[in-house]
Amino acid sequence: MARYIKGSVMYLLLLIWTGINLFPIYWMFTFSLKTNPEIFGENIIGLPREWLWENYSAALDAGNIGMYFVNSAIVTFITILLTMFFSMMASYALMRMEWKGRKLSNNIFMLGLTVPIHAAILPVFILLRDLKMTNSYQALIIPYTAFALAMAIMICQSFIENIPRELEEAACIDGCGTFGIFGRIIIPLMKPAISTVSIFTFLQAWNELMFAVIFISDSQYRTLTVGIQALSGAYTTKWGPIGAALVIATFPTLILYCFMNKKIQESLLAGAIKG
Amino acid sequence: MKKVRNNKLAIAVFIMPAAILFFMIIILPIVMSSYYSFLDWNGITDGEFIGFANYVELFTGDSIGFGQSAGNAFLFAGLSVFIQLPLALLLALILGRGIKGERFFVSVFFIPVLLSTTVIGQLWLKIYNPQYGIVNTFLRAVGLESWCHTWLGEQNFALMACFIPMLWQYVGYHMLLMYAGVKSQPPDIREAAKIDGATEGQLARYVTIPMLKPVLRMCLIFAVTGSLKAFDLIYVLTRGGPSHASEVPSTLMVDMIFGRNRYGIGSSIAVFIIFLCFFFAILIRRFFRTEVD
């Protein structure tokens, strides 16, 4: 009996925490489809009486959220691509090639795991300003890639470690050079690392705010996080479109999570284990 | 094979892109920030070298509110360690025992971690809204009208109101780390302890938690350094207001540099944040030595 009660208390606790976790998200989804009177009193927590999709078109057209979404997607995608290539190449050189200063270089890269982005904001801003590169996609892609590199290199190294050296040696005997080995042996075997690094980099770049606020002032290059800030300033009294913008910014992540929640959890763990 | 591994050209091609980027965006800026922190500089005219005057102003002058911001950051760190981590540990221990629906709960508790802090901030702005937010609406509905507040606009409440979404967002992250730690422990040790008559409480106290030490140490580092560099949520919710009540070093830094063009003193705040992050990461590592080290 005591066990039974203990079990119920445990489940009750878990269910309460589930509610606390999901309720704000549920509320966000429902108020994105409601009219102001509904949100403000008539129907605060219920499902919307009429699904008001106009909120979404208002956010997309008048609020420019569609454009910001595309900007975020471009910046995130290129950041992932660059991070992926640069970190795979660097990890291979750091793990399997033989050269002076290899250990030191590795330690310097690992230092990047602890450096907060605050360290860079002003010098990078000045650099971008002098190069006339603020208000461009590069203004975000370059710093995002740089700050994603340390973690990506660490993850790639743990995967390269498991590729047997004999494979490379066999390829070498068959006449492959360094680039051939890297392209034909290493990269194909690094597929699991690709998804881990991509997930990590995606979350970082898609959600980043500080660089995006400061390096981008032209609305043409705004990413979602900054766009939402601007929208929320412009629509203080109309909540529906803001809710719609929040949902639009969130759903790629949630859909991804629905299909590969295990993989996403593992990726974030992989990033944390040594960090 | 040796020739292949010593291929200088290949090494250069492989390492250069990452190295250049890393040098330009991370190493060089740290050096530059440290240099700027010794200048009196508005970003337009030439800076004037003033030694440690910026740091002196940070720690002794009241006007910019740095003391308050550092205090707030430490308070966040303390609250994270003493509220967030125990809550995460409790959840991880319950889930780690292998109950029904384990996967479901783990997945749900992790959702807030994935959302953008901007989205979470905007969402909580609405939750806290003094007229229409669900907090005040709820309080009015249960007859506690006098408890209603402008949560983010009153000096006494702003800081706590910022902490709650932070707690909400990151419990799941620490829970996942701890849960994975519990799951990686060999089950036979638990079995053995159970056969010896250990209750669940004893099992957690004497077996699971001690073996979780490396993970707990990592969570501790994340919780502390994460609180010290917190920016997004506070920027979205209050921008550090009202009158510095919820200010943290990073919001103050951005305000100094990009709001008031005080590049020098802003850089000294940046250096201070970098220093604190490294300092606490090393301190915690030293303090909680594990067998692995």
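Observations on the model:
- Residues of the range A:55-65 classified as open to solvent by 20 Å² or more (accessible area, probe 1.4 Å), in contact (Cβ under 8 Å) with a residue 24 or more places away in the chain and not hydrophobic (A, V, I, L, M, F, W, C), total: 2
- Test for B:Asn54: is it touching a His at 6+ places or on another chain (Cβ under 9 Å), open to solvent by less than 20 Å² (accessible area, probe 1.4 Å) and more than 21 Å from B:Leu216 (Cα to Cα): no
- The sole residue among A:Thr201, A:Thr196, A:Thr236 that is polar (S, T, N, Q), assigned to a loop (DSSP other than H, G, I, E, B) and more than 8 Å from chain B (Cβ to nearest Cβ) is A:Thr236.
- Single unsatisfied condition, B:Ala158 versus (1) of a type outside the set (Phe, Trp, Tyr); (2) open to solvent by 20 Å² or more (accessible area, probe 1.4 Å); (3) more than 9 Å from chain A (Cβ to nearest Cβ); (4) within 29 Å of A:Met210 (Cβ to Cβ): (2)
- Residue within the range B:85-97 that is of a type outside the set (S, T, N, Q) and touching a Pro at 6+ places or on another chain (Cβ under 7 Å) present: no
- None of A:Ile80, A:Ile74 is part of a helix (DSSP H, G or I) and open to solvent by 50 Å² or more (accessible area, probe 1.4 Å) except A:Ile74.
- Residues being open to solvent by 30 Å² or more (accessible area, probe 1.4 Å), in a helix (DSSP H, G or I) and either closer than 30 Å to A:Glu169 by Cβ or hydroxyl-bearing (Ser, Thr, Tyr) (or both) - total across the range B:6-25: 7
- Filter result for B:Ile274 (in contact (Cβ under 8 Å) with a residue 60 or more places away in the chain, among the hydrophobic types (A, V, I, L, M, F, W, C) and closer than 22 Å to B:Leu75 by Cβ): yes
- Within the range A:155-185, if we keep just the residues that are more than 9 Å from chain B (Cβ to nearest Cβ), touching a helix residue (DSSP H, G or I) at 6+ places or on another chain (Cβ under 6 Å) and in contact (Cβ under 8 Å) with a residue 24 or more places away in the chain, the residue that is nearest to A:Met210 (Cα to Cα) turns out to be A:Ile155.
- So A:Ala2, is it open to solvent by 10 Å² or more (accessible area, probe 1.4 Å) and hydrophobic (A, V, I, L, M, F, W, C): yes
- Scan of the range B:22-45 for residues that are without any contact (Cβ under 8 Å) to a residue 60 or more places away in the chain and either closer than 14 Å to B:Phe275 by Cα or touching a strand residue (DSSP E or B) at 6+ places or on another chain (Cβ under 9 Å) (or both), ordered by number: B:Val31
- Scanning the range A:109-147 for residues that are crowded, with 20+ Cβ neighbours inside 10 Å and farther than 28 Å from B:Gly43 by Cβ yields a single hit, A:Phe109.
- When residues of the range A:215-227 are limited to those that are within 12 Å of chain B (Cβ to nearest Cβ) and more than 14 Å from B:Thr118 (Cβ to Cβ), the one most open to solvent (accessible area, probe 1.4 Å): A:Ser217
- Members of the range B:220-232 that are facing another protein chain (nearest Cβ under 9 Å), open to solvent by less than 20 Å² (accessible area, probe 1.4 Å) and either part of a helix (DSSP H, G or I) or free of Cβ contacts under 8 Å to residues at least 12 places away in the same chain (or both): B:Ile221, B:Thr225, B:Leu228
- Only residues that are assigned to a helix (DSSP H, G or I) and more than 26 Å from the chain's Cα centre (by Cα) were counted in the range B:131-175, giving 10.
- Taking the range A:11-47 as the range and being open to solvent by less than 60 Å² (accessible area, probe 1.4 Å), in a helix (DSSP H, G or I) and at the interface with chain B (Cβ under 8 Å from one of its Cβ atoms) as the test, the residues that pass are A:Leu14, A:Trp17, A:Thr18, A:Asn21, A:Pro24, A:Ile25, A:Trp27, A:Met28, A:Phe31, A:Ile39, A:Phe40, A:Gly41.
The values are calculated or read from the model by the stated rules, or taken from the named source; none is laboratory data. For clarity, every value in this text was computed on a predicted model and none was experimentally measured. As a convention, Cβ positions derive from the backbone with ideal geometry for all residues, glycine included, and neighbour counts pool all protein chains shown. Accessible surface areas use protein heavy atoms only, side chains included; no ligands, DNA or RNA. Shrake-Rupley method; radii C 1.70, N 1.55, O 1.52, S 1.80 Å.
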